[in-house]
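**Q** One structure follows; several queries about it will come next.
Just so it is clear, none of the values below were taken in a lab; they were calculated from the coordinates. It should be emphasised that the depicted structure is a prediction, and the values quoted were computed from it without experimental measurement. A quick note on method: Cβ atoms are made from the backbone with ideal geometry, for glycine too, and the neighbour counts reach across all protein chains shown.
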Amino acid sequence: MKNRTLAILKPDCTRKQLVGKVISHIQGAGFKILGLKMVRLNNESAKGFYEVHKERPFFNDLIKYMTSGPCVPIVLEKENAVEEFRRLIGATDPAKADEGTIRKLYAENIQENIVHGSDSDENAEKEIAHFFSRKELLEINGWK
Ligand code: GDP
């Protein structure tokens, strides 16, 4: 079944002018874009998005990084979108990511890792709603 996931091209991706290359990689892997925008997260929005990590030692650094420049949230559609996209981006730490994955190709370190991908269908829907209203998105199969 086709479903949706949320990608975010993070501030290191926009700063390094890699938006086009990363989107090309994603589209080349068969994902369809249902919605896309560029935003600058403020503290409140970044903290809300990463609330599950608020007790982690790296939380403050993560918020500083995610608010340091523009982000590009993208809603993607594919068969098994969540799992397939996690496979495409690779492990959180680029040093441990498989060859050919987006993080292996472009990321610097475990924090500045170029791209976010939702980790479950339930979180994907919550994360999509963080950035997009329904009228800003194509329906699944909207490309036909
Ligand atoms: P993801 O699902 O692969 O993005 O990884 P997590 O949900 O575990 O972490 C969210 C984000 O926090 C990661 O993508 C990194 O940007 C950052 N992060 C994760 N682990 C670490 C860490 O150990 N140190 C630092 N500085 N940042 C981290």
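**Q** Residues that are of a type outside the set (D, E, K, R), surrounded by fewer than 16 Cβ atoms within 10 Å (Cβ to Cβ) and within 16 Å of R4 (Cβ to Cβ): does segment 101-120 have at least one?
**A** Yes, because at least one residue in segment 101-120 is of a type outside the set (D, E, K, R), surrounded by fewer than 16 Cβ atoms within 10 Å (Cβ to Cβ) and within 16 Å of R4 (Cβ to Cβ).
**Q** Let me ask something additional. Of the conditions (1) near the ligand (Cβ under 10 Å from one of its atoms); (2) of a type in the set (A, V, I, L, M, F, W, C); (3) under 15 Å from L6 (Cα atoms), L76 fails just one. Which one is it?
**A** Answer for L76: the failing condition is (1).
**Q** Considering only residues that are among the charged types (D, E, K, R) and buried (at least 19 other Cβ atoms within 10 Å of the Cβ), look in segment 1-31 and name the one that is nearest to A124 (Cα to Cα).
**A** R4
**Q** Just checking, does segment 45-53 include any residue being out of contact with any Pro (no Cβ under 6 Å at 6 or more places or on another chain), loosely packed, with under 12 Cβ neighbours inside 10 Å and not in a helix (DSSP H, G or I)?
**A** no
**Q** Separate question: Only one of (1) more than 11 Å from the ligand (Cβ to nearest atom); (2) in contact (Cβ under 8 Å) with a residue 24 or more places away in the chain fails for K144. Which number is that?
**A** So the condition that K144 fails would be (2).
**Q** Ok, one more. Can you give me the number of residues within segment 24-44 that are under 21 Å from L76 (Cβ atoms), within 16 Å of the ligand (Cβ to nearest atom) and either among the basic types (K, R) or assigned to a helix (DSSP H, G or I) (or both)?
**A** Total satisfying the criteria: 1.
**Q** Would segment 71-79 turn up any residue that is farther than 16 Å from I26 by Cα and charged (D, E, K, R)?
**A** Scanning segment 71-79, I find no residue that is farther than 16 Å from I26 by Cα and charged (D, E, K, R), so the answer is no.
**Q** Filter segment 106-126 down to residues that are in contact (Cβ under 8 Å) with a residue 24 or more places away in the chain and away from the ligand (no atom under 11 Å from the Cβ) and give me whichever is nearest to P94 (Cα to Cα).
**A** Across segment 106-126, the extreme among qualifying residues is Y106.
**Q** Still on this structure, I have one more. Looking at (1) without any contact (Cβ under 8 Å) to a residue 40 or more places away in the chain; (2) assigned to a loop (DSSP other than H, G, I, E, B); (3) not aliphatic (A, V, I, L, M), which is the one condition that is false for G69?
**A** Of everything listed in (1) without any contact (Cβ under 8 Å) to a residue 40 or more places away in the chain; (2) assigned to a loop (DSSP other than H, G, I, E, B); (3) not aliphatic (A, V, I, L, M), G69 misses just condition (1).
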